[in-house]
Every structure is written in C-alpha cells, then in structure tokens.
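Enquirer: Sharing a structure here in structure tokens format.
The values are calculated or read from the model by the stated rules, or taken from the named source; none is laboratory data. The structure displayed is predicted, hence computed values, not measured ones. Virtual Cβ from ideal backbone geometry, glycine too; neighbours counted across all protein chains shown.
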Amino acid sequence: MTATIDIGLADVQMLVEEVWTSFLGADEPVLPAIEPGTPGGWSAAVTISGGWEAQCTVWLTEGGARAVTARMLMCDEADVTDDDLRDALGELVNMVGGNVKSLAASTASLSLPLVGHGDLTPASHLDEVVRLDLTWLGDPVRVSVHTPPEGADR
Amino acid sequence: MKLLVVDDSRVMRQIVIRTLRQSGHGDHEVVEAENGREAFEAVLAHSPDLVLSDWNMPEMSGIDLLDALRSSGHAVPFGFVTSEGSPEMRAQAEAAGASFLIAKPFTPEAFDEALGSVLGARP
C-alpha cells in the first residue's frame, strides 16, 4: 500500500532555498520568479518508491546548469564538462529529493539521480502536486514534485 | 589522521573535502572511494581513522558497506553524509554501528560537531 502524503509548497521552497544557500552561496539566493519562464536546457530527477511514490525534478537552463556546476566545483564555467554538469545536477536533485522524502516521513527508497539534456517528463500516471518557478542569476529554475493521483490504482 | 571519503559523486567528494577544511579538519590525510565496494578495499589498504560515507550509491550502498565492515570485524569509526536525515534512517544508521549522520545540505559547524565527537576536539 502506497501512502498518500501532502507535500506543502512552502516546505519544498524552504528546503530548495536551503540547498541553494548551502552549496551555491548565500550571496545569490534562489528567488521566486515574478514571471515564470521555461528553463529548457537540463533536467535532473529522482524517484521515491516503496511506502510513498513521487518524482522530484529540477529544470535549469544551459547557463544556469553550468553556473550551478561551477559554483559547486568552485571552478570557472569554461572548465565545466558535461560529465561535471551531470554529476552536480544529480547531487542537487538528490538533496532536494532526499529532503522531500524526509518531509514525507515515510518508509520509502530514493533512486539514484537521472540527469539529461532536455525534459525528463515524469511518468504520465503522476500528477504535479508542487511546482516552484524560481530565478537564479537571472535564469529560470523549476522544481516540481509529482505523485500519483489520490486513490489511483498502483 | 586519515579520513576515507566515500561518494559516487566527484562533485560531492570535493564539497565534503572543502567542508572538512572549512570546519578546521583540513590537516587530515584524505583517501577517496566511489562506492561501498571500493571503500571496503580502501579500508583494508589504508586503515583510515574515520569513514565518511554517502548512503545511496551504485555497486554497494553506504549501509551495506557498514554492515560488511562490521561483519568482517572492522571497528573503524563510521559516519554518514547523506541527503536523507529522517529519524528512521538515523535509527538504522545507529543500529548498524554508525557514529553519526550528517544530512545534506550541511554546514562546516555540523562537520566539526560530528567529527569532534569521534576524533576528539581540535586543540
């Protein structure tokens, strides 16, 4: 039996801000977007399964993804490789997903991260229950949590 | 002292090593491993004073690494650095013999507090 758990927008926003501040610096916080944009570029996802089912996804522009990676590695953006970028975005979504899983207080397992150039659209049987449209260094960032519809046959 | 840092992410290993420096533990020798299986071999080869390990890794997870070490008689102090800090995981870590669990995102202060409890307070 998979539990149905309400995940609050404010809780997810708080943990995303904490991840950003801790690993990317407090000088340039991630902020709510006034006019949500479409990040495109890269996306990274982790799935939660077992006692609770969900997918957490982070979308970033190409420039945003390179800036995140450069800050995490403390290197120049010009030195960032695609392997570095996949590694860094995977860690970013791993932290978001791990903390979302902890919010759910459920016995479940976190997958290893999946990172791709393009849109890692969640499985069609999942509904978006949280969407954060954010901005960082002027680039759009989106964080979403998808879960099965309430009462869905899983 | 010698620390073994275990994480499948090179980025996170660098962040952990940087945070060790920021927390005043930059003088320790650091050995790195990419997964639990590699870390098990590194414990045999390098006899670290502390293992700092991620939980969720390919090949062999952190909790399986800890179980393997304890099952084979290794008492090396062991701490998790992981993205999941739920009470259930902390209890599982403690039951398996871990000295602490640092949840990501972390601070240098969290590192100093956790490492101090195992390695002793810095002078």
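Enquirer: Against the condition in contact with a strand residue (DSSP E or B) (Cβ under 6 Å, 6 or more places away or on another chain), surrounded by fewer than 23 Cβ atoms within 10 Å (Cβ to Cβ) and without any contact (Cβ under 8 Å) to a residue 40 or more places away in the chain, how does B:Glu32 come out, does it pass?
Expert: yes
Enquirer: Restricting to the range A:19-44, and then to whatever is within 13 Å of chain B (Cβ to nearest Cβ) and touching a residue at least 40 places away in the same chain (Cβ under 8 Å), can you tell me which residue is nearest to A:Asp82 (Cα to Cα)?
Expert: Here the answer is A:Ala44.
Enquirer: When you scan the range A:45-55, do you find a residue that is more than 14 Å from every other protein chain (Cβ to nearest Cβ) and either surrounded by fewer than 23 Cβ atoms within 10 Å (Cβ to Cβ) or out of contact with any helix residue (DSSP H, G or I) (no Cβ under 8 Å at 6 or more places or on another chain) (or both), even just one?
Expert: Yes, the range A:45-55 has at least one match.
Enquirer: If I ask for residues that are within 14 Å of A:Val141 (Cβ to Cβ), of a type outside the set (Phe, Trp, Tyr) and not in a loop (DSSP other than H, G, I, E, B), which ones from the range A:39-56 would you list?
Expert: Result: A:Ser43, A:Ala44, A:Cys56.
Enquirer: Then there's this: Can you report the number of residues in the range B:100-118 which are within 14 Å of another protein chain (Cβ to nearest Cβ) and either among the polar types (S, T, N, Q) or over 19 Å from B:Arg13 (Cα atoms) (or both)?
Expert: So the answer is 1.
Enquirer: Still on this structure, please answer the following. Does any residue of the range B:40-54 turn out to be over 11 Å from the mean Cα position of the chain (by Cα), modelled with pLDDT under 95 and at positive phi?
Expert: There is no residue in the range B:40-54 that is over 11 Å from the mean Cα position of the chain (by Cα), modelled with pLDDT under 95 and at positive phi.
Enquirer: Scan the range A:77-99 and report the pairs whose first residue is more than 7 Å from chain B (Cβ to nearest Cβ) and within 14 Å of A:Val143 (Cα to Cα) and whose second residue is in a helix (DSSP H, G or I) and small (Gly, Ala, Ser), with Cβ atoms within less than 9 Å and a gap of 6+ or a chain change.
Expert: A:Leu89/A:Ala65
Enquirer: Could you say which residue among B:Val81, B:Val43 is of a type in the set (A, V, I, L, M), surrounded by 18 or more Cβ atoms within 10 Å (Cβ to Cβ) and within 20 Å of A:Val19 (Cα to Cα)?
Expert: Matching residue, one of B:Val81, B:Val43: B:Val81.
Enquirer: Counting only residues that are buried (at least 18 other Cβ atoms within 10 Å of the Cβ), give me the strands (runs of 3 or more DSSP E) lying completely in the range A:57-154 with at least 3 of them.
Expert: A:127-136, A:139-147
Enquirer: Now for a different question. Any residue in the range A:105-125 that's within 13 Å of A:Ala65 (Cβ to Cβ): show its pairings with residues that are part of a loop (DSSP other than H, G, I, E, B) at Cβ separation under 9 Å, as long as the two are six or more apart or on different chains.
Expert: A:His117/A:Gly41; A:Gly118/A:Gly40; A:Gly118/A:Gly41
Enquirer: In addition: Listed residues B:Asp54, B:Asp7; which is among the charged types (D, E, K, R), touching a residue at least 60 places away in the same chain (Cβ under 8 Å) and under 23 Å from A:Leu73 (Cα atoms)?
Expert: B:Asp7
Enquirer: Something else about it: Have a look at A:Asp82, A:Asp127, A:Asp139 and point out the one that is closer than 21 Å to B:Met12 by Cα and of a type in the set (Asp, Glu).
Expert: Matching residue, one of A:Asp82, A:Asp127, A:Asp139: A:Asp82.
Enquirer: Specify the residue that is nearest to A:Ser102 (Cα to Cα); the eligible residues are those in the range B:49-99 that are away from chain A (no Cβ under 12 Å) and among the β-branched types (Val, Ile, Thr).
Expert: Once the filter is applied, the top-ranked residue is B:Val51.
Enquirer: Also, I was wondering about something else. Which pairs do you get when a residue that is farther than 18 Å from B:Ser9 by Cβ, found in the range B:63-90, comes within reach of a residue that is of a type in the set (D, E, K, R), reach meaning Cβ atoms under 8 angstrom, with the pair 6+ apart or on two chains?
Expert: Pairs that qualify, where the first residue is farther than 18 Å from B:Ser9 by Cβ and the partner is of a type in the set (D, E, K, R), are B:Val76/B:Asp49; B:Pro77/B:Asp49; B:Ser86/A:Lys101.
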